[in-house]
1. For Ala176, enumerate residues with amide H under 5 Å from its amide H, sequence gap 5+ or separate chain, H modeled in the peptide plane.
2. With the cut-off at 29 Å, tell me which of the pairs Lys149/Lys379; Lys161/Lys336; Lys107/Lys267 have Cα atoms farther apart than that.
3. Just the number, please: carbon plus sulfur as a percent of the accessible area of the chain, 1.4 Å probe, no ligands or DNA/RNA counted.
4. When the Cα centres of region 371-385 and region 131-179 are compared, how far apart do they sit, in Å?
5. Express the relative contact order of region 360-410 as a whole percentage, based on alpha carbon pairs under 8 Å and six or more residues apart in sequence.
6. Rounded to the nearest Å, what's the spacing between the alpha carbon centres of region 294-331 and region 3-69? Just the number, please.
7. I need to check one value: relative contact order of the chain, counting alpha carbon pairs closer than 8 Å and at least 6 residues apart, in percent.
8. 222 nm [θ] for the chain, helices only, -39500 (n - 2.57) per DSSP H run of 4+, per residue, to 500?
Amino acid sequence: MRTVYKNIKQLLGASREPVGLLEGSEMGTVSVVDNAFLVVSDGEVENFGDMAGISDADLLDAAVEDCSGMFVFPAFADSHTHIVYAGSREREYEDKIRGLSYVEIAKRGGGILNSADLLRRTSEDDLFEMSLERLMRCVEGGTGAIEIKSGYGLSTESELKMLRVIRRLKESATVAVRSTFLAAHAFPREYAGNHDGYVSLIVNEMLPEVAREGLADFVDVFCDEGFFTVGQTGRILEAAAKYGIRPKIHANELACSGGIQAGVEYKALSVDHLEHTGDEEIAALKGSGTVATVLPGAAFFLGMPYAPARRMIDGGLPVAVASDYNPGSSPSASMKFVLSLASIKMRMSPVEALNAATVNGAYAMGLGDEYGIIMPGRKANFIITKPMPSFAYFGYSYTENLIEKVIVNK
Ligand code: NIG
Ligand code: FE
């Protein structure tokens, strides 16, 4: 089955060569073909180019779709989500409106522990159905590859249940899924007075089983003030390294916690959140190969400061953006809105935001060789927009549904 998409107003992010992780000023440019065509054959990109150069071979036996006025660019690689959860938390939304902070809600036993209570009572099958539904919403919103974390189980049995749900999503999803083991998301009530005991449970009981069943591509720790210390994070990351599981960690959301430096030390693929990032942290990340992943949806929803993405890019770092889709701090599947926030609130240009959500997002979950660009020979994974005046209009018109179609393959 071959399809030719023709008369595309602008094709962005198409390349005949692989594109490496984009750092600093490299993030500000993207390949653009005006008045373009794109050929897809059996789910793979076959060719692309200027309409003036389209040949009979391109059109042979092909269905033709007219994309006049429309833009085509790579599907989003959403490298940080928590979409496996058992129920929404709008009670806390109301608490926040009344003035309670994220940390205050967590201290009252709400937050992540609230989600853990609910998840423990929910069957694997029900959890799978709810999560698949959310995953479909992500794909409709233009996501073509996604990372999903555990972290609402907080016991061996329930963490494994979450990871098995993610494995089922991997098998049945139309997009590539990467799984991350995040038992170190919060301290469960049973370990309120024995935090190191919970870390021991993760290291001695959970991790060996997760590794034995091959349930996790990555390991994560919420390394931040009031959550896991740098020392506890080190214990978990060292244990994971013995199984060859690389970290992607939550760091510096609530304070300059040392999480970024810990991520760099343990060769994390990415450090994520980063609302509290200063010159020291930027210097630690520079040249480390660790992607700085910012999550503007969480800062927006919690009314917290945004990560200094502009300073990071100006400082030469590779920056990715992700949705952080979760019930507590970012209940939204929309990567389009994330792009708008990245530009409006973090001063990333529309092209920087696109690169952060595609090329760099793919690298931030170990998929940079397969996703993030439109390239002949790779799986066809792209977004076709509704007619728009320019690419910048996509983020500018921030509540308009501008996605006409999402083509995904894995
Ligand atoms: O990335 N910061 C830690 N974890 C999630 C929030 C989880 C929750 O509140 O349920 C985050 O924002
Ligand atoms: Fe998160």
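1. Under 5 Å from the amide H of Ala176: Ile146.
2. Going by Cα-Cα distance, Lys161/Lys336; Lys107/Lys267 fall outside the 29 Å limit.
3. 50 percent
4. Cα centres, region 371-385 to region 131-179: 22 Å.
5. Dividing the mean separation by the residue count of region 360-410 yields 34 percent.
6. Centre-to-centre distance over Cα atoms comes out at 30 Å.
7. Once divided by the residue count of the chain, the mean separation gives 22 percent.
8. Calculated mean residue ellipticity at 222 nm is -9500 deg cm²/dmol.
The values are calculated or read from the model by the stated rules, or taken from the named source; none is laboratory data. Remember, predicted model here, so these are calculated numbers, not experimental data. Every residue, glycine as well, gets a Cβ built from its backbone with ideal geometry; the counts of neighbours run over all protein chains shown. Accessible surface is based on the protein model in full, side chains and every heavy atom, while ligands, DNA and RNA are left aside. Shrake-Rupley method; radii C 1.70, N 1.55, O 1.52, S 1.80 Å.
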